[in-house]
1. Using θ = phi - 60° and the Karplus relation 6.51 cos²θ - 1.76 cosθ + 1.60, list the HN-Hα couplings for segment 50-59 in order, rounded to whole Hz, with x at every Gly or Pro.
2. What are the residues whose amide H is under 5 Å from the amide H of residue 57, where those residues sit 5 or more places off or on another chain and H is modelled from the backbone?
3. Between 75, 64, 29, where does the largest GNM mean-square fluctuation fall for the chain, given springs only between Cα atoms within less than 10 Å?
4. Residue 25: net charge of surrounding residues, Cβ under 13 Å, Lys/Arg +1, Asp/Glu -1, itself excluded?
5. Taking a quarter of the surface of the Cα convex hull of the chain, what do you get in nm²?
6. Please list 40, 63, 72 from largest to smallest accessible area, probe radius 1.4 Å, with all protein chains kept in place.
7. Using each residue's phi in segment 86-92, evaluate 6.51 cos²θ - 1.76 cosθ + 1.60 at θ = phi - 60° and report the 3J(HN,Hα) Karplus result to the nearest Hz, with x for Gly and Pro.
8. Using Cα springs under 10 Å in a Gaussian network model of the chain, which residue among 65, 18, 56 shows the largest mean-square fluctuation?
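The values are calculated or read from the model by the stated rules, or taken from the named source; none is laboratory data. Bear in mind that the values here come from a model prediction, so they are computed numbers and not experimental data. Virtual Cβ from ideal backbone geometry, glycine too; neighbours counted across all protein chains shown. We work out accessible area using only protein heavy atoms, side chains counted, and drop any ligands, DNA or RNA first. Shrake-Rupley method; radii C 1.70, N 1.55, O 1.52, S 1.80 Å.
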Amino acid sequence: MTTLHEEHSAHTHTHGPACGHAEVPHGDHIDYAHDGHLHRAHDGHWDECEPSGHNAHAGHDHRHAEGCGHARVQHGDHVDYLHDGHRHAEHDGHWDDH
Ligand SMILES: [Zn+2]
Ligand SMILES: [Zn+2]
Ligand SMILES: [Zn+2]
Ligand SMILES: [Zn+2]
Ligand SMILES: [Zn+2]
Ligand SMILES: [Zn+2]
Ligand SMILES: [Zn+2]
């Protein structure tokens, strides 16, 4: 899966292990939950870690919900669930991997 390159301009805060924002393991990198956005370090600046395209998760039997045991993170207008290093979001009766 590819990720759009959306550079966050005027992002003066530097995320780090103790910066106070929740760390969200995402594939090979870490996102930081920042005011409903997910920011990742990229070449000395911060990108919005936004999915491009639509990746429906096939064979996802588990149903995420509050208390399902997976961490939740607010992402824009929806909630992502952290599932084995992926972010899963409910969409039209299935789960998107993004
Ligand atoms: Zn931070
Ligand atoms: Zn940020
Ligand atoms: Zn990410
Ligand atoms: Zn779950
Ligand atoms: Zn999301
Ligand atoms: Zn999942
Ligand atoms: Zn979907």
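1. Residue by residue, segment 50-59 yields 10, x, 10, x, 10, 10, 6, 8, 7, x Hz.
2. Amide H to amide H, under 5 Å and 5 or more residues apart or across chains, residue 57 pairs with 95, 96, 97.
3. Checking each option, the largest mean-square fluctuation is seen for 29.
4. Working: positive: 40, 87; negative: 23, 28, 31, 80, 84.
Within the 13 Å Cβ shell, the charges total -3.
5. Details: hull surface 27.0 nm².
Its Cα hull, projected and averaged over all orientations, spans 6.8 nm².
6. Numbers: 40 55, 63 155, 72 110 Å².
Largest to smallest exposure gives the sequence 63, 72, 40.
7. 10, 10, 10, 10, 5, 7, 6
8. Per the Cα network of the chain with a 10 Å cutoff, 18 tops the list.
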